[in-house]
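Let me begin by presenting the structure, written as structure tokens, before commenting on it.
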Amino acid sequence: MYITVPFVDLKAQYHSIKPQIDVAVEQVLEETAFIGGRYVKQFEQAFASLYGVEYVIPCANGTDSLYILLKMLGIGKGDEVITVANSWISSSETITQAGAAPVFADIDPVYWSMDVQALEQAVTPATKAVIAVHLHGQMCEIDAIHAVCKKHGLYLIEDCAQSHFSEYKDVRAGLTGIAGSFSFYPGKNLGAYGDAGCIITKDEGLATQCRMFANHGALIKHQHQMEGINSRLDGLQASILHAKLPYILEWTKQRQQKAEQYRRLLNDVPQLQLPVDRPNSKHSYHLFVVLAQQRDALLHYLKENGVEAAIHYPALLPLLPAYSYRGYKAEQFPHAYHYQQHCISLPIYPELTEEQLQHVCTIIKQFYQQHG
Ligand SMILES: *Cc1c(COP(=O)(O)O)cnc(C)c1O
């Protein structure tokens, strides 16, 4: 039998909870609660309570959430913000949008997240904040990063777009720094059926400012305290997210189990470097990334055999054409560059079947038998 393994399978997830989703959508339509209203409030409160955080500020996506935070922390012209060389462009483009300059730090070679020493070396008198990214669902060494920020008087923002419910030393992603930024893009661990995002924080003043800024600078209609932007979570997305919330912890557990299975089956493949969970952490496995020899040929071979794999990401942020004006070189980010040349993301999601997962591993082993 021919087995196919898509990279994500949002349809399978929809079908597993179809009655709940359909009701959630229908309620919003019947009440025409499209903007604001009780479904947004309901999700906001349920997410805050499940996540264990005082304030949740919903917004339009996980890029706006970073931008809103930078603006409301007063970051702008003349400031520098440090983020990591390997991430999605939201982590750096929002720094430029806010008027500041993005500065990139290398990653460490084992856990593939922001290297604390590289971070400290990147700090200058102009540095105002750090955006730490818990990429793939792997936690950064956030307590050490926090200590560096404290020492230099920097704001710490956590980009949690890939790390819903990840933990480090029993603290969830987004709860160590001044604020956390989440994306609910459909393919994320907790995904809407369109764009959505939020900010989380324990800081009441910052929460109020962010809420205002995301709503044209007004908490009460027509009472604009400042100019803001239009970045709203719509009622349909909020209602869908609320319907999915009761499953997220179980889904996260299933991702962790799939990761274990991958590790068991791929452990004896010397051409692969498997992901290692940071000690004392809970990885939420948004992505299962391995470093592979002959990566591009493997990617092609997987595709020929019905397996969709992906690359996160095909270029380091500082080496993108968008940042060519900065003149960065690959040698400045040796670990991130090595990672980027070899990384391949294998399919991982709660609905991935045993048979599919085994098929992925069989094809990988076949490839290396044929290609030494
Ligand atoms: C997905 C993602 C974002 C942005 O999320 P959107 O909701 O698509 O704007 C930001 N940072 C990282 C690391 C992401 O993976």
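The values are calculated or read from the model by the stated rules, or taken from the named source; none is laboratory data. Predicted model only: the values in this text are computed from it and were never measured. Reconstructed Cβ throughout: ideal geometry from the backbone, glycine too, with neighbour counts over all protein chains shown. Note: accessible area is taken over every heavy atom of the protein model, side chains too, but ligands, DNA and RNA are not part of it. Shrake-Rupley method; radii C 1.70, N 1.55, O 1.52, S 1.80 Å.
Here are the numbers for this structure:
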{"item": "Surrounding net charge for residue 318, when Lys and Arg each add one and Asp and Glu each subtract one, Cβ distance under 12 Å", "result": "0"}
{"item": "Net charge over other residues, Cβ less than 13 angstrom from the Cβ of residue 51 (K, R count +1; D, E count -1)", "result": "-2"}
{"item": "Beta bridge orientation in the range 89-248: antiparallel %, DSSP, nearest 5", "result": "55 percent"}
{"item": "Simple Cβ-charge dipole of the chain, Lys/Arg +1 and Asp/Glu -1, about Cα centre, in debye nearest 20", "result": "180 debye"}
{"item": "10 Å binning of all Cα-Cα separations within the range 1-141, expressed as whole percents from 0 upward", "result": "10, 26, 29, 22, 12, 2, 0"}
{"item": "Hull shadow area, averaged, the range 20-103 [alpha-carbon convex hull, nm²]", "result": "7.4 nm²"}
{"item": "Hydrodynamic radius by Kirkwood, which averages 1/r over all alpha carbon pairs of the range 191-261, in angstrom", "result": "14.6 Å"}
{"item": "Euclidean distance of C-alpha centroids, the range 314-339 and the range 175-240, integer Å", "result": "31 Å"}
{"item": "Sites residue 294 and residue 267, calculated FRET efficiency, Cβ-Cβ separation with R0 22 Å, nearest 0.05", "result": "0.70"}
{"item": "P(r), alpha carbons of the range 297-372 - 5 Å bins starting at zero, rounded %", "result": "3, 14, 20, 17, 15, 12, 10, 7, 3, 0"}
{"item": "Among 222-229, 186-193, 173-180, the order from most to least packed when residues are scored by Cβ within 10 Å on average", "result": "173-180, 186-193, 222-229"}
{"item": "Equivalent-ellipsoid semi-axes of the range 130-194, from the Cα gyration tensor, Å, largest first", "result": "23, 12, 8"}
{"item": "Accessible area of the chain divided out per residue, in Å², using a probe of 1.4 angstrom", "result": "43 Å²"}
{"item": "Accessible surface ranking that places the most exposed of 208, 201 first, with a 1.4 angstrom probe", "result": "208, 201"}
{"item": "Carbon and sulfur %, accessible surface of the chain computed with the full protein complex present, 1.4 Å", "result": "52 percent"}
{"item": "Candidate lysines - alpha carbon under 22 Å from residue 18, same-chain residues fewer than 8 apart omitted", "result": "188, 244, 253"}
{"item": "Residues whose placed amide H lies under 5 Å from that of residue 168, excluding near-sequence neighbours", "result": "173, 282"}
{"item": "Bins of 5 Å, starting at 0 and running to the largest distance - Cα pair percent for the range 255-320", "result": "3, 14, 20, 26, 21, 11, 5, 1"}
{"item": "Cα-based convex hull, the chain, per residue volume (Å³, whole number)", "result": "137 Å³"}
{"item": "FRET E, pair residue 219, residue 329, Förster distance 51 Å, beta-carbon r, rounded to 0.05", "result": "0.65"}
{"item": "Most mobile of 70, 119, 265 in a GNM of the chain (Cα contacts under 10 Å)", "result": "265"}
{"item": "Dipole-positive endmost among 231, 157, 215 within the range 149-269 (Cβ charges, Cα centre)", "result": "157"}
{"item": "Percentage of interatomic Cα-Cα distances in the range 122-162 larger than 12 Å", "result": "56 percent"}
{"item": "Cα-based equivalent ellipsoid of the range 130-259: semi-axis lengths in Å, sorted from largest, via gyration tensor", "result": "26, 23, 10"}
{"item": "Radius of gyration, Dmax [the range 219-372; alpha carbons; angstrom]", "result": "20.5, 68"}
{"item": "Lys, Arg +1 and Asp, Glu -1 on Cβ, resulting dipole of the range 69-142 about Cα centre, debye, nearest 20", "result": "360 debye"}
